[in-house]
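Notes for the one structure printed next.
The values are calculated or read from the model by the stated rules, or taken from the named source; none is laboratory data. Here the structure is a predicted model, which is why all the values come from computation and not from measurement. Every residue, glycine among them, receives a Cβ derived from its backbone with ideal geometry; neighbour counts consider all protein chains shown.
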Amino acid sequence: MSAFFEIHPDNPQGRLVQQVAEIIRGGGIVVYPTDSSYAIGCHLDDKRALERIQRIRQVDKHHNFTLMCRDLSELGNYAKVGNQAFRLLKSHTPGPYTFIFSATSQVPRRLAHPKKKTIGLRVPDCNITLAILEALGEPMLSTTLILPNVEWPELVDVNFLRDQLENAVDAIIEGGQIPAEPTTVVDLTRDVPEVTRYGRGAADWE
């Protein structure tokens, strides 16, 4: 059975955040709130945890996972970011966006898209997520929590998620009201930004 944490959305309790970070470091997978729906994440270098998430989401190895980062200082380690792309990032982070970049050699091969060699990166506007990332001291591997044949209202109902996932994940975090909308996905691998999924983040540069 998974652990359940009620963490304050404005002032995350440090003791609880540290417990969540320890679960992630120990190979656990966690369901956690963001500024754009719930997400499911694990340690960056844990192949077994990644495979567990793939089974829960029912996705294959070609699915694009995201590196959840605490700020822009971590992006350059994993993505090839040009000046124009960086300006766009700076004006839209933190926020409900996932940005797709060409991956650097520091990204483990299993995490980059196998054909395109790309990686998704995100800096969320969510105190709980940022506190967990600060406690970890590194990005977290993550993906939007979407379950087969489940509608969006249920995907932000923490009681429903507990019923569905308490034997499949190691921790579930309740963090207040969560927006029932995914991120806006922006491909920055070319000179001109391309929105590949419209979501909660406004594409106000178009």
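Residues in segment 162-181 that are at pLDDT below 95, within 18 Å of the chain's Cα centre (by Cα) and not small (Gly, Ala, Ser): Gln177, Ile178, Pro179, Glu181. Candidates are the residues of segment 115-128 that are farther than 15 Å from Thr183 by Cα and modelled with pLDDT of 95 or more; the one that is surrounded by the most Cβ atoms within 10 Å (Cβ to Cβ) is Ile128. Quick one: which of Leu188, Leu165 is surrounded by 17 or more Cβ atoms within 10 Å (Cβ to Cβ) and touching a helix residue (DSSP H, G or I) at 6+ places or on another chain (Cβ under 6 Å)? Being surrounded by 17 or more Cβ atoms within 10 Å (Cβ to Cβ) and touching a helix residue (DSSP H, G or I) at 6+ places or on another chain (Cβ under 6 Å) holds for just one of Leu188, Leu165, which is Leu188.
Name the single residue, out of those in segment 191-200 being outside any strand (DSSP E or B) and in contact (Cβ under 8 Å) with a residue 40 or more places away in the chain, that is surrounded by the fewest Cβ atoms within 10 Å (Cβ to Cβ). Selected residue: Asp191. Filtered by the rule that a residue be touching a Cys at 6+ places or on another chain (Cβ under 8 Å) and at positive phi, segment 125-163 gives no residues.
A quick yes/no check of all residues on (1) among the hydroxyl-bearing types (Ser, Thr, Tyr); (2) in a helix (DSSP H, G or I); (3) over 30 Å from Pro148 (Cα atoms):
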| site | (1), (2), (3) |
| --- | --- |
| Asp10 | no, no, yes |
| Cys42 | no, no, no |
| Ile56 | no, yes, no |
| Ser73 | yes, yes, yes |
| Arg87 | no, yes, yes |
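Restricting segment 55-72 to residues that are more than 14 Å from Arg122 (Cα to Cα) and either within 14 Å of the chain's Cα centre (by Cα) or of a type in the set (D, E, K, R) (or both) leaves a set whose member that is modelled with the lowest pLDDT is Lys61.
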